[in-house]
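What follows is a single structure, written as structure tokens, with notes after it.
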Amino acid sequence: MSRHETSPTTVQPASNHRPNACCFCWCCCCSCSWNEDRERAWRASRETKLETIPNCEACAKPTPEEVRGWAQSFDKLMKSPAGRNVFREFLRTEYSEENMLFWLACEELKNECNKHTIDEKARMIYEDYISILSPKEVSLDSRVREVINRKMQEPSSHTFDDAQLQIYTLMHRDSYPRFLNSAIYKSLLQSVSRSSSES
């Protein structure tokens, strides 16, 4: 191997230029090679570390009280950026991360005021999570799909409200109980409790 060739197992240093990044990166949904490299590095670490989750929300390290609070209610978990990051990592292990990505994209859309931006983001959300052609399509009933299809003729910041509620309920009912029993949650709880007792 020459000096200029790189081994396929070599992790390239991070840079501002993300190779093969897709065009819809605003909602953290791209499955480009940059993300795959980050994912492999995370898997290799075998630890739950918030800072290694690709495209996670910016947040402070959670306190032991905050982490314990996530077991008390799903609302507490979802209102915490750190909680959403850890739950999202769990959803990734269940191949249902698109539910959280869709929910986050809807939250971002609801905070938007510019009509042009709303139209553009609504179209991207539809293509990424509602379209039956999308590999990240979320599971919605036919009634909600019909409502969305009507609202997409004149999108607003609340076009996906019914769908967002349905996905929230799905995560609460199906994924949340398994998350509380997962190694990801239990190891994080042990880690923050240990750090607290040592300080």
- How large is ³J(HN,Hα) for each residue in region 146-159, as worked out from phi by the Karplus curve 6.51 cos²θ - 1.76 cosθ + 1.60 (θ = phi - 60°), to whole Hz, x for Gly and Pro? 5, 4, 4, 4, 5, 5, 5, 5, 9, x, 9, 5, 10, 4
- Using a cut-off of 22 Å between alpha-carbon atoms, which lysines can reach Lys151, once sequence neighbours fewer than 8 places away in the same chain are excluded? Lys110, Lys115, Lys121, Lys136
- Which lysines have a Cα less than 22 Å from the Cα of Lys61, not counting those fewer than 8 places away in the same chain? Lys49, Lys76, Lys79, Lys186
- Any chance you could look up the accessible area of Lys61 with a 1.4 Å probe, heavy atoms only, rounded to 10 Å²? 140 Å²
- Item | Solvent-accessible ranking of Cys59, Cys106, largest area first, probe 1.4 Å | Cys59, Cys106
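Can you give the accessible area per residue of region 63-196, in Å², using a 1.4 Å probe?
Working: 6650 Å² over 134 residues.
Heavy-atom SASA per residue in region 63-196 reads 50 Å².
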- Roughly how many percent of the accessible protein surface of region 63-196 is carbon and sulfur, given a 1.4 Å probe and a whole-percent answer? 52 percent
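The values are calculated or read from the model by the stated rules, or taken from the named source; none is laboratory data. This is a predicted model, so every value here is computed, not measured. Quick note on the areas: whole protein, heavy atoms, side chains included, nothing else; ligands and nucleic acids left out. Shrake-Rupley method; radii C 1.70, N 1.55, O 1.52, S 1.80 Å.
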